[in-house]
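Undergrad: Below are the structure tokens for one structure; questions will follow.
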Amino acid sequence: MAGLRLGPLLRYVDGSSATVWIETSRPCTAEVRCADGTHGEARTFQVAGHHYALVPVTGLRPGTASTYEVLLDGTPVWPLPDSPFPPSEIRTPDGDGLRVAFGSCRWAAPPAHEADPVGPDALDTLAARIAADPTATRPDVLLLLGDQVYADETSDATRRWLAARRDLTEPPGDQVADYEEYTHLYYESWLDPEVRWLLSTVPSCMIFDDHDVIDDWNTSASWLADMRATPWWRERLLSGLVSYWVHQHLGNLSPAELAADPLYAAVRASADATDLLRAHASLADKDPSAVRWSYRRDFGRVRVVMVDTRAARVLEEGSRSMLHPAEERWLREQVLDTPGSYDHLLIGTSLPWLLPHLVHDAEAWNAALCRGERGGRWARFGEDLRRRADLEHWAAFPASFEALAGLVAEAGSGERAPATVCVLSGDVHHAYVAEPSWPEGGGPGSRVLQLTCSPVHNSIPLSIRLGFRFGWSGVGRALGRWFARHGRGERPSIDWRRTGGPWFGNQLMTLTLRGRSARLRLDQARASRNGRPRLETVTEYELAPDTSPSITHPR
């Protein structure tokens, strides 16, 4: 009899359909059956001895909520027997507003009986809050902005599991090496009881960042050449991309996109799709323009564009870019498509666009050194520093930084501009709000914000706290100007200021978007005296008032 190994994860949801992702113990037919009579089923597909299904559920009605169960070959396997959580449910949007919770960087939480060295997990505490009052307000969608698993920073339990499987004195040591070891990371992370239930009942959108493969993935051309020269890198990369396609990417797509995807059709038709997916991953590594990991979701009058800022890079020093030209064109098309059709634009990028001024200037200075602005000796120094100090955000790709600034301004300008344009990011293990300003007369009418929230559950060393506070300070900004002068690079065309934070802790931000209004809330996971961690609201304020009705235009 087939069993449920992982999931269910509620992924795509719109007004009439949903997808539910699961892993099973053997080949079978998976069915999702809702209490309102709607249902869907799919046959599992196989990858490297594992069996998965993405079950489409159709016939849903907007603005409704229905509990559901999962059956394998007709046998119920979810909800779990004696579950302490309320039944999982599918809630469809009604077009009257959207609540988006987001964050990044999550180490798997330790078992309940073990002390947590980095404090309570924000996803665990969000699950506890929702489970305690299922009728209360909850996120309509959860955006996970990278580092869902850590292939290069494994837990004590995973290291013990790896040591029983292979010799850890051989590279890559206690990091994951292949697809099977990646599946273990997902088990460790997504079988956490609270997180498992949360992901079964709140839809999620995901994108990778570096630790999903390796720290500072695709920093530079020389970094990539060095990695390709190691004997273990190719297996690590292919396994990372295949496991990402299976566990995360598929669920980002709508049923219509899945039906039109020739790779998905081939995977489902294959007795074992391992070679198909490894070839796909190899193509993605060879030609960033051939495979797209970015995607777009429209939630009524809220547009979300999730951008791949890792695999889509151009790394050659003379033409470095955060996005391949084809990817940059795609991003423009998605952002500028049908002006006036959305009230809020959310651009999801794992790496912040607007950083503390000192950090930005240091990264732009380093980019100038690496491209030879101060000669060969400085270029060699710059490359070494780039790797050691993780200098590979948008600021380290100055042309890409400017291109995004121009796109944001274009999207936010004109009579049909949205109320807000928000860049949502994580990565930097603190949270803050920053707002750009353009030269007089050149700025957009929309309110533009950089909203950064990280980590969900990770360490926040004192060096990070002090470094980022200093980076935002006036002294830090003055030091950054020195870096800029020494690098002989052009100053950014925009300025920006921090208007919220920095906040440090395990945390989630939530945007509530209704009409043309927008509110922001930051919640942190805190320990309590009764031993039950809780989410505590740190700040909440209005980003945009609902001063006018949504703009509609005839087709």
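The values are calculated or read from the model by the stated rules, or taken from the named source; none is laboratory data. Source: prediction; values computed, not measured. Virtual Cβ from ideal backbone geometry, glycine too; neighbours counted across all protein chains shown. Only protein heavy atoms, including side chains, enter the accessible area calculation; ligands, DNA and RNA are left aside. Shrake-Rupley method; radii C 1.70, N 1.55, O 1.52, S 1.80 Å.
Undergrad: Points 7 angstrom from Cα along the Cβ direction at Ser463 and Glu373: gap in nanometres?
TA: Using points 7 Å along Cα→Cβ, the separation is 2.6 nm.
Undergrad: How many percent of the accessible area of the chain is carbon or sulfur, using a 1.4 Å probe? Mind dumping the intermediate values first?
TA: On the way: 11380 of 22000 Å².
That fraction is 52 percent.
Undergrad: In addition: For segment 1-75, with every protein chain kept in place, what is the accessible area per residue (1.4 Å probe, Å²)? Write out the running numbers ahead of the final one.
TA: Numbers: 2580 Å² over 75 residues.
Ligands and nucleic acids excluded, the figure is 34 Å² per residue.
Undergrad: Now, a different point. Pick out, from Pro93, Ala53, Cys105, the residue whose Cα sits farthest towards the positive end of the charge dipole of segment 48-181, with +1 on the Cβ of Lys and Arg and -1 on the Cβ of Asp and Glu.
TA: My answer, from the dipole projection, is Pro93.
Undergrad: Considering only protein heavy atoms, with the full assembly of protein chains and a 1.4 angstrom probe, order Met1, Met322, Met227 by accessible area, largest first. Spell out each step's value before the answer.
TA: Details: Met1 170, Met322 0, Met227 25 Å².
I get Met1, Met227, Met322, largest accessible area first.
Undergrad: Reported to two decimal places, what Rg/Rh ratio describes segment 409-511 when computed on Cα atoms with Rh from the Kirkwood expression? Don't jump to the answer; show the numbers that get you there.
TA: On the way: Rg = 15.8 Å, Rh = 15.5 Å.
Using only Cα positions, Rg/Rh for segment 409-511 is 1.02.
Undergrad: Here is a further query. Taking only protein heavy atoms and a 1.4 Å probe, what accessible area per residue, in Å², does segment 381-433 have with all protein chains in place?
TA: Numbers: 1570 Å² over 53 residues.
With the other protein chains kept in place, segment 381-433 gives 30 Å² per residue.
Undergrad: Compute the Kirkwood hydrodynamic radius of segment 296-432, taking the inverse of the mean of 1/r over all pairs of distinct Cα atoms, and give it in Å to one decimal. Each step should come with its number before you reach the end.
TA: Working: mean 1/r = 0.0626 Å⁻¹.
Roughly 16.0 Å, rounded to one decimal.
Undergrad: Follow-up. Let's see if you can work this out: charge +1 on each Lys and Arg Cβ, -1 on each Asp and Glu Cβ, no other charges. What is the dipole magnitude of the chain about its Cα centre, in debye to the nearest 20?
TA: On the way: 59 positive and 72 negative charges, 231 e Å.
Dipole magnitude for the chain comes out near 1100 debye.
Undergrad: Considering just Cα atoms, how many Å³ per residue does the convex hull of the chain enclose? The partial results should precede the final answer.
TA: On the way: hull volume 86.7 nm³, N = 555.
Dividing the Cα hull volume of the chain by its residues yields 156 Å³.
Undergrad: Suppose all protein chains stay in the model; what accessible area per residue would a 1.4 Å probe give for segment 132-197, in Å²? Write out the running numbers ahead of the final one.
TA: Numbers: 2670 Å² over 66 residues.
Roughly 40 Å² per residue, with all protein chains present.
Undergrad: Additional query: When all C-alpha to C-alpha distances in segment 137-187 are sorted into bins of 5 Å, what percent of pairs does each bin hold, rounded to whole numbers?
TA: Percent of pairs per bin, in order: 4, 18, 29, 18, 9, 7, 7, 4, 3, 1.
Undergrad: Continuing with the same structure: Distances longer than 12 Å among the Cα atoms of segment 7-53: what percent of all pairs is that? Write out the running numbers ahead of the final one.
TA: On the way: 686 of 1081 pairs.
Here the tail beyond 12 Å accounts for 63 percent of pairs.
Undergrad: Taking the Cα centre of segment 473-546 as the origin and placing charges on Cβ (Lys, Arg +1; Asp, Glu -1), which of Gly489, Leu511, Ala544 is farthest toward the positive end of the dipole?
TA: With unit charges placed on the Cβ atoms, the residue in question is Gly489.
Undergrad: Short version: what are the Cα gyration tensor semi-axes of segment 67-191, square root of 5 times each eigenvalue, largest first, in whole Å? Present the calculation step by step, with values, prior to reporting the outcome.
TA: Numbers: eigenvalues 204, 71, 46 Å².
One finds semi-axes of 32, 19, 15 Å for segment 67-191.
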